[in-house]
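Here's the structure we're looking at; comments come further down.
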Amino acid sequence: MIWGIIRRKLASSQSVSRIKHPAIRPRGYGQNELLSNGKGCRHAVGSFSYCTTLGSQCCRAYSNKPRREITAILRPEYFIPLRSRSFSSDTGDLVDAVVPFMGESITDGTLAKFLKNPGDRVEVDEAIAQIETDKVTIDVASPEAGTIQKLVAKEGETVEPGTKIAVISKSGEGVPQAAPPSQEKTTSQPPPPAEKESIGKGTTKTETSSVKGKEKTLFPPQPAARAPSSPPKPSEPQLPPKESERRVPMTRLRKRVSTRLKDSQNTFAMLTTFNEVDMTNLMKLRSDYKDAFVEKHGVKLGFMSGFVKAAVSALQYQPVVNAVIDGDDIIYRDYIDISIAVGTPKGLVVPVIRNSDQMNFAEIEKNINTLAKKATAGTISIDEMAGGTFTISNGGVYGSLLSMPIINPPQSAILGMHSIVTRPMVVGGNVVPRPMMYIALTYDHRLIDGREAVYFLRRIKDVVEDPRRLLLDV
């Protein structure tokens, strides 16, 4: 912002120069206030108004330098806005609610819906709208307490960070209020347009009917010409009416998920290998210590923590599964961040458990519980889903018996868990019922060979079937 004061002296206008000089463009939009004595012109930069002076000779003096006579022509289009007051108007009563910063990788979003209407009272930081992005749903909070004066944006529009979507009045003045139902009923209705025309023309219903009768007498109706008979068409299959179909636009999250999954299929050379796990020992461990676990840690002991620890052990045994291809290079990551696929009503999200190799069972269960609640409520942040070196997807909670999961880019493998089914198994030469689970590993065959993939899945099987291996690191 330019806060200087430019002084110009106006010379006498007796002789006007015939030379055409370029227009002077002030730096910023300023207010030209002609002094009362007519000898000076002051530009107070920072105002929003302007004044045009035409045909006057202005001269600028710089100490001993000669004066340069020019014709000053100030035009409104030369004024360039250099500042803006965020979140407030000139009076300070009106406040603008704008779209917040949504993350480094998110440039825009879709205005899903407004949670408030004009005339509603809002408090500070209260959500007034929801922005749907490619990954999460973000709330637009009210910057001040007040009343919604008007909604600037519309639902379904694409908005960017900083876009104004609503105007809030802190005092509540000038906000349109809906009329009560009693007043709407008592309000007299104006006569219909047809009645107004008849009254204005002075015609009555009798006159109108008589005129129509004469027209019928003078011009009798002609019989309609018969259409040429057409041959009968063959019967067509009856399709269901269009009323039974609904066309709903895809959400940004659903479009993003579909794009990433299709890119995964087009990029990776995906191959899936399977194995089965006897869940007897892990289920017994959970049954024996679930009450003591809840009493000490305040969270239930589930199967996911056991599989996360097994995946960490397998990734340490086979570090190539934790690596990724980047161009012509292979990036080996010495840290382990496990992504957990969570299905929500709005779509699939994959929160990340950071540094999973440094956590115990209780810490893993707490992180999974917290992230799952945030994902279901739609309050999970971008940072909580960014990154990840390996993904675990548990389709067994929905009853899936067997599946082939798709790799979550830019990772190189994903583990699929499935439902636990009691099946007859041969143990020690005897056929006994055992709770069994199929597990699947989908991997990028460009980087991971079948030998490493099978060894990885065997390590998970060994750890889950005998959790004591984790204590002895064998």
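The values are calculated or read from the model by the stated rules, or taken from the named source; none is laboratory data. As the structure is a prediction and not an experimental result, all values here were calculated from the model. With ideal geometry, Cβ positions are generated from the backbone for all residues, glycine too; neighbour counts draw on all protein chains shown. Ligands, DNA and RNA are stripped out before the accessible areas are found, and what is left, the full protein with its side chains, is counted by its heavy atoms. Shrake-Rupley method; radii C 1.70, N 1.55, O 1.52, S 1.80 Å.
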Check your understanding: Taking H as built 1.01 Å from N, whose amide H comes closer than 5 Å to the amide H of VAL140, not counting residues under 5 places away?
Key -> ILE128, ALA129, GLN130, ILE131
**Study point:** Residue-level accessible surface for LYS113, protein heavy atoms, 1.4 Å, Å²
**Key:** 90
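Give me the percent of accessible area attributable to carbon and sulfur for segment 94-169, probe 1.4 angstrom. List each step's numbers first, then the result.
Details: 1490 of 3430 Å².
Exposed carbon and sulfur together represent 43 percent of the surface.
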Review point. Across segment 309-322, in residue order, what do the Karplus-derived ³J(HN,Hα) couplings come to in whole Hz, using 6.51 cos²θ - 1.76 cosθ + 1.60 with θ = phi - 60° and x for Gly and Pro?
Key: 5, 5, 5, 4, 5, 5, 5, 5, 6, 10, x, 5, 5, 8
Check your understanding: Quick one: Cα centre-to-centre distance for segment 354-384 and segment 239-306, in angstrom?
Key -> 14
Study note, to complete from the structure: Ignoring ligands and nucleic acids, GLU160 exposes an accessible area, probe 1.4 Å, in Å² to the nearest 10, of 110
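Return one whole number: the accessible area per residue of segment 94-169 in Å², for a 1.4 Å probe. Before the final figure, lay out each step's value.
Working: 3430 Å² over 76 residues.
Result: 45 Å² per residue.
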Study note, to complete from the structure: Taking placed amide H atoms and a strict 5 Å upper bound, the residues 5 or more places from ARG434 or on another chain that come that close are ARG423, MET425
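Largest first, how would SER244, SER356, SER381 line up by accessible area (1.4 Å probe)? Show your work: numbers first, answer last.
On the way: SER244 80, SER356 0, SER381 45 Å².
Sorted descending by solvent-accessible area, the residues read SER244, SER381, SER356.
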Check your understanding: Ignoring ligands and nucleic acids, what accessible area does ARG446 show with a 1.4 Å probe (Å², nearest 10)?
Key -> 120
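On a full-extension model of 0.36 nm per residue, what is the gain between GLN358 and ARG423, subtracting their alpha-carbon distance, rounded to one decimal in nm?
Working: separation 65, 0.36 × 65 = 23.40 nm, distance 3.53 nm.
Value of the extension gain: 19.9 nm.
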Exercise for review: Heavy atoms only, probe 1.4 Å: what % of the accessible area of segment 268-471 goes to carbon and sulfur, would you let me know?
Suggested key: 54
Study note, to complete from the structure: The correct ranking of ASP93, ASP329 by accessible area at 1.4 Å, largest first, is ASP329, ASP93
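Just the ratio, please: alpha-carbon radius of gyration of segment 94-169 over 2.2 N^0.38 Å, N its number of residues.
Values: Rg = 11.5 Å, N = 76, 2.2 N^0.38 = 11.4 Å.
So segment 94-169 has a normalised radius of gyration of 1.00.
Of ASP139, ASP125, ASP278, ASP444, which has the most accessible area with a 1.4 Å probe, and how do the rest follow in descending order?
Numbers: ASP139 75, ASP125 115, ASP278 30, ASP444 0 Å².
Most to least solvent-accessible, the answer reads ASP125, ASP139, ASP278, ASP444.
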Point to revise | Simple label model, 7 Å out from Cα along Cβ direction - ASP466 to GLN265, nm | key: 4.1
Point to revise | Solvent-accessible area per residue for segment 268-471 (1.4 angstrom probe, square angstrom) | key: 49
Check your understanding: Counting only residues 5 or more places away or on other chains, whose amide H sits under 5 Å from the amide H of VAL152 once H atoms are built in the peptide plane?
Key -> ALA166, VAL167
Exercise for review: Mind jotting down the three principal axis lengths of segment 268-471 based on Cα atoms? Whole angstrom, largest first.
Suggested key: 52, 39, 34
